[in-house]
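J.: First the structure, which I've put down as structure tokens, then a few questions once you've had a look.
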Amino acid sequence: MTDSVRIERIEAILVDVPTIRPHVLSVATLKAQTMVIVRLYCADGIIGLGEATTIGGLAYGEESPEGIKLAIDTYLAPQIIGMDANRPAKAMAAAQAVAVGNRFAKSALEMALFDALGIRRGLPLSELLGGRLRDHLPVLWTLASGDTKTDIAEAEAMVAARRHKTFKLKIGKRPLKDDVDHVAAIKRALGDDVSIRVDVNQAWDEPTAKRGIAMLADAGCDLVEQPIALNNRAGMARLRASATIAIMADEALHGPTDAYAFASEGAADVLAVKISQAGGLRAARAMGEIADAAGVALYGGTMLEGPVGTAAAAHLFSTFPSLAFGTEQFGPLLLTEELLAEPLSYCDFGMAVPEGPGLGIALDDATLTRFRRDGPNRTVR
Ligand code: MUC
Ligand code: MG
């Protein structure tokens, strides 16, 4: 039996950082990203870090950064302060008892609990989650400037720098033919060594998706992500049955129950696993196990997290036996500012999984202070 270590205090900090260019999705255009950074202070002096982000405030999902902070400050933190920091599952059960939803808020807290535990035990998060199988993860880049020529130039620079060789294009905002022309032009310019995928972010109805997927296959696209509404799982199964390229579910996946439904109903070829959308690291790991058991391919998704959430995701995905479609852990590269004392390492078309205990990262406190919403710099939003 280990000694208990009291959880003393929990901070949830809103941090607004500009993006390097506008990031255009069918549901929102991001010019800045808001991170909710959690610091969980333990009685032994260890501070665990967690993070949750959303995309476009409330435009993408049910939680906003402000709502996440409110849920933590008002409901979740008071439940777990005073509990044993060596018992993450017990602490999260207490949080669960007072909040039925709020997956993103819970995920940020659970991340901080696991970071603290890993630091205390001298173990990387990946080992706490079952054990890493790889130290390097393939990472794609999203081309979403809104302009075909700019996207091609951006992709060429990424390939030349050996940073990325798989690209995801955000479509669904424009008429179908314009979107397909955009995808075809980028595929033609980049050639066969590069994989092109698209993310529709639910913008199409089923008949448009059926036509669009066939046209995209002809244009050389390899995968279509969440083409239709998140609640139309039967439609996803029909599209998958008629498609010649991979169909991936993203927004539809809110944890293990959804992963099970998709796997058992054959409603997707690939599941995008996102820690916060799943409700936390343990739930995301369960999704991976369900997909593996069902023979469904996996992809390591992002909510465009900054470096804290991205490091956590990298630890988790490093434990997946198979990650057939790679990952998209590029969130920190979309930000103008470096929030870590030592940046995450991107090379050879991917990223290195951090090696130190816990998340294996430390925040740069001066940058955090500059960009926190309640600090001196309030001009970003
Ligand atoms: C999404 O839906 O996949 C992930 C990468 C990106 O560019 O946007 C996000 C959201
Ligand atoms: Mg997506």
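The values are calculated or read from the model by the stated rules, or taken from the named source; none is laboratory data. Computed from a prediction, not measured in an experiment: that's the story for all the values here. As a convention, Cβ positions derive from the backbone with ideal geometry for all residues, glycine included, and neighbour counts pool all protein chains shown.
One line per residue, one yes/no per condition, for (1) β-branched (Val, Ile, Thr); (2) buried (at least 16 other Cβ atoms within 10 Å of the Cβ); (3) within 21 Å of Gly301 (Cβ to Cβ):
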{"residue": "Thr2", "(1), (2), (3)": "yes, no, no"}
{"residue": "Ser26", "(1), (2), (3)": "no, yes, yes"}
{"residue": "Lys31", "(1), (2), (3)": "no, no, no"}
{"residue": "Ile46", "(1), (2), (3)": "yes, yes, no"}
{"residue": "Gly50", "(1), (2), (3)": "no, yes, yes"}
{"residue": "Arg87", "(1), (2), (3)": "no, yes, no"}
{"residue": "Met92", "(1), (2), (3)": "no, yes, no"}
{"residue": "Ala95", "(1), (2), (3)": "no, yes, no"}
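J.: OK, next. Restrict the check to the stretch 371-378 and report whether at least one residue is farther than 24 Å from Ala157 by Cα and surrounded by 20 or more Cβ atoms within 10 Å (Cβ to Cβ).
T.: Here is the first cut: in the stretch 371-378, the ones farther than 24 Å from Ala157 by Cα are 371-378.
Applying the additional criterion that residues be surrounded by 20 or more Cβ atoms within 10 Å (Cβ to Cβ) yields 371.
Scanning the stretch 371-378, I find at least one residue that is farther than 24 Å from Ala157 by Cα and surrounded by 20 or more Cβ atoms within 10 Å (Cβ to Cβ), so the answer is yes.
J.: Something else: Across the stretch 110-150, what is the total count of residues that are within 16 Å of ligand 1 (Cβ to nearest atom) and either within 20 Å of the chain's Cα centre (by Cα) or modelled with pLDDT of 95 or more (or both)?
T.: 10
J.: Taking the stretch 284-324, which residues are farther than 20 Å from Cys347 by Cβ, of a type in the set (Phe, Trp, Tyr) and within 15 Å of ligand 1 (Cβ to nearest atom)?
T.: Correct list: Tyr299 only.
J.: Give me the pairs, please: first residue somewhere in the stretch 232-260 and touching a residue at least 40 places away in the same chain (Cβ under 8 Å), second residue anywhere and buried (at least 18 other Cβ atoms within 10 Å of the Cβ) and part of a helix (DSSP H, G or I), beta-carbon distance under 6 Å, and either six or more positions apart or on two chains.
T.: Qualifying pairs under 6 Å: Gly255/Ala278; Gly255/Ala283.
J.: Taking Met215 as the residue in question, decide whether it is at pLDDT 95 or above and either buried (at least 23 other Cβ atoms within 10 Å of the Cβ) or within 25 Å of the chain's Cα centre (by Cα) (or both). Even if it seems obvious, please write down each step before you answer.
T.: Values: at pLDDT 95 or above: yes; either buried (at least 23 other Cβ atoms within 10 Å of the Cβ) or within 25 Å of the chain's Cα centre (by Cα) (or both): no.
Here the answer is no, as Met215 does not meet what is asked.
J.: Which of the residues spanning the stretch 232-257 are polar (S, T, N, Q) and either touching a helix residue (DSSP H, G or I) at 6+ places or on another chain (Cβ under 8 Å) or within 16 Å of ligand 1 (Cβ to nearest atom) (or both)? Quick ask: steps written out before the conclusion?
T.: Our first condition is that a residue be polar (S, T, N, Q); within the stretch 232-257, this holds for 232, 242, 244, 257.
Residues satisfying the conditions are Asn232, Ser242, Thr244.
J.: Do you know which residues across the stretch 189-230 are more than 16 Å from ligand 1 (Cβ to nearest atom), farther than 20 Å from Ala28 by Cα and in a loop (DSSP other than H, G, I, E, B)?
T.: Pass one, the stretch 189-230, residues more than 16 Å from ligand 1 (Cβ to nearest atom): 189-194, 205-208, 210-220.
Add one more test, that the residue is farther than 20 Å from Ala28 by Cα, and what stays is 189-194, 206-208, 210-220.
If the condition is that a residue be more than 16 Å from ligand 1 (Cβ to nearest atom), farther than 20 Å from Ala28 by Cα and in a loop (DSSP other than H, G, I, E, B), then Gly191, Asp192, Asp193, Val194, Ala219, Gly220 are the ones that fit.
J.: Of everything in the stretch 256-278 that's closer than 17 Å to Ser322 by Cβ and touching a strand residue (DSSP E or B) at 6+ places or on another chain (Cβ under 7 Å), which residue is nearest to ligand 2 (Cβ to nearest atom)? Explain how you work it out, then say what you get.
T.: Of the stretch 256-278, the ones closer than 17 Å to Ser322 by Cβ are 259, 262-263, 268-273.
Narrowing the set further to residues that are touching a strand residue (DSSP E or B) at 6+ places or on another chain (Cβ under 7 Å) leaves 259, 262, 268-273.
Numbers: Ala259: 15, Phe262: 14, Ala268: 12, Asp269: 15, Val270: 11, Leu271: 11, Ala272: 6, Val273: 12 Å.
Filtering first and then ranking leaves Ala272.
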